[in-house]
1. Just the residues that are surrounded by 14 or more Cβ atoms within 10 Å (Cβ to Cβ) and of a type in the set (A, V, I, L, M, F, W, C), please, taken from segment 60-71.
2. Mind telling me which of the residues Ala82, Ala103, Ala77 ends up being among the aliphatic types (A, V, I, L, M), out of contact with any Phe, Trp or Tyr (no Cβ under 8 Å at 6 or more places or on another chain) and either at pLDDT 95 or above or closer than 21 Å to Gly49 by Cα (or both)?
3. Kindly establish whether Phe41 is at pLDDT 95 or above, of a type in the set (Phe, Trp, Tyr), under 27 Å from Ala121 (Cβ atoms) and part of a helix (DSSP H, G or I).
4. Among the residues of segment 43-59 satisfying the criterion of being farther than 21 Å from Ser70 by Cα and either free of Cβ contacts under 8 Å to residues at least 24 places away in the same chain or touching a strand residue (DSSP E or B) at 6+ places or on another chain (Cβ under 6 Å) (or both), which is least open to solvent (accessible area, probe 1.4 Å)?
5. Check whether at least one residue in segment 116-132 is among the hydrophobic types (A, V, I, L, M, F, W, C), open to solvent by less than 30 Å² (accessible area, probe 1.4 Å) and under 18 Å from Ala40 (Cβ atoms), and report yes or no.
6. Cβ-Cβ under 9 Å, sequence separation 6+ or interchain: first residue in segment 76-90 and more than 12 Å from Leu38 (Cα to Cα) and without any contact (Cβ under 8 Å) to a residue 40 or more places away in the chain, partner open to solvent by 40 Å² or more (accessible area, probe 1.4 Å) and part of a helix (DSSP H, G or I). Which pairs?
7. Just wondering, is there one or more residues in segment 61-73 that are within 26 Å of Val132 (Cα to Cα) and out of contact with any strand residue (DSSP E or B) (no Cβ under 6 Å at 6 or more places or on another chain)?
8. Mind checking which residues of segment 85-112 are loosely packed, with under 14 Cβ neighbours inside 10 Å and within 15 Å of the chain's Cα centre (by Cα)?
Amino acid sequence: MTFAGFPARAQATAIPNVFFADVMPRLARDPVALGVVLHAFRLLQAKRGFPRFLAAADFETDTAAMAFLSGCGADAAAIDVALRRCVELGVLLPLAVEAEGVATELFFLNAPADRRGLEMARAGAIDIGAVVRRSPVT
């Protein structure tokens with residue numbers, strides 16, 4: 001099936017130009033992580049309020065993200081691996097929280113406003129769950 005083209009007033013996703021020069025080349029051999037980070041930009045931009053963050057479940061419930069993963073021969077389990085890769089590169093910043101007895105890893109974009117939201121959550125100034133202190137992985 002051929003792509004029909006973009007509509008006249010298509011929604012757009014802002015991606016910083018530095019992504020194309022500094023991050024994208026590092027993901028050239030990891031199409032799943034590349035797709036996850038691109039979808040992260042879109043999903044984060046669609047979020048309202050402060051702070052903006054994502055969890056793996058945001059990708060699992062997004063039909064476009066799951067269609068991409070399926071096209072790569074990957075499944076929802078690949079999201080966690082891809083998110084870890086994005087954290088390793090410094091594109092996404094993780095924060096483990098617990099709310100109502102459920103632990104969740106949240107991911108913030110490594111951008112000024114989102115870093116500020118992450119730090120406010122760590123300091124307890126914003127309630128997004130109790131921050132879970134994890135020991136460093138060796």
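The values are calculated or read from the model by the stated rules, or taken from the named source; none is laboratory data. Since we're looking at a predicted model, the values are computed, not measured. Neighbour counts run over all protein chains shown; Cβ positions are idealised from the backbone, glycine included. To get the accessible areas, we keep the full protein, side chains included, count just its heavy atoms, and leave off ligands, DNA and RNA. Shrake-Rupley method; radii C 1.70, N 1.55, O 1.52, S 1.80 Å.
1. Selection gives Ala65, Met66, Phe68, Leu69.
2. Working: Ala103 fails: either at pLDDT 95 or above or closer than 21 Å to Gly49 by Cα (or both); Ala77 fails: either at pLDDT 95 or above or closer than 21 Å to Gly49 by Cα (or both).
Every option except Ala82 fails the conditions.
3. yes
4. First pass over segment 43-59, keeping only residues farther than 21 Å from Ser70 by Cα: 44-53.
Checking the rest, the ones that are also either free of Cβ contacts under 8 Å to residues at least 24 places away in the same chain or touching a strand residue (DSSP E or B) at 6+ places or on another chain (Cβ under 6 Å) (or both) come to 44, 46-49, 53.
Numbers: Leu44: 3, Ala46: 70, Lys47: 67, Arg48: 195, Gly49: 59, Phe53: 50 Å².
The selected residue is Leu44.
5. Taking every residue of segment 116-132 in turn, at least one turns out to be among the hydrophobic types (A, V, I, L, M, F, W, C), open to solvent by less than 30 Å² (accessible area, probe 1.4 Å) and under 18 Å from Ala40 (Cβ atoms).
6. Ala76/Glu60; Ala76/Met66
7. Quick first cut of segment 61-73, residues within 26 Å of Val132 (Cα to Cα) only: 61.
Filter once more, keeping what is out of contact with any strand residue (DSSP E or B) (no Cβ under 6 Å at 6 or more places or on another chain): 61.
Yes, because at least one residue in segment 61-73 is within 26 Å of Val132 (Cα to Cα) and out of contact with any strand residue (DSSP E or B) (no Cβ under 6 Å at 6 or more places or on another chain).
8. Our first condition is that a residue be loosely packed, with under 14 Cβ neighbours inside 10 Å; within segment 85-112, this holds for 88, 90, 98-103, 112.
Passing the criteria: Glu88, Gly90.
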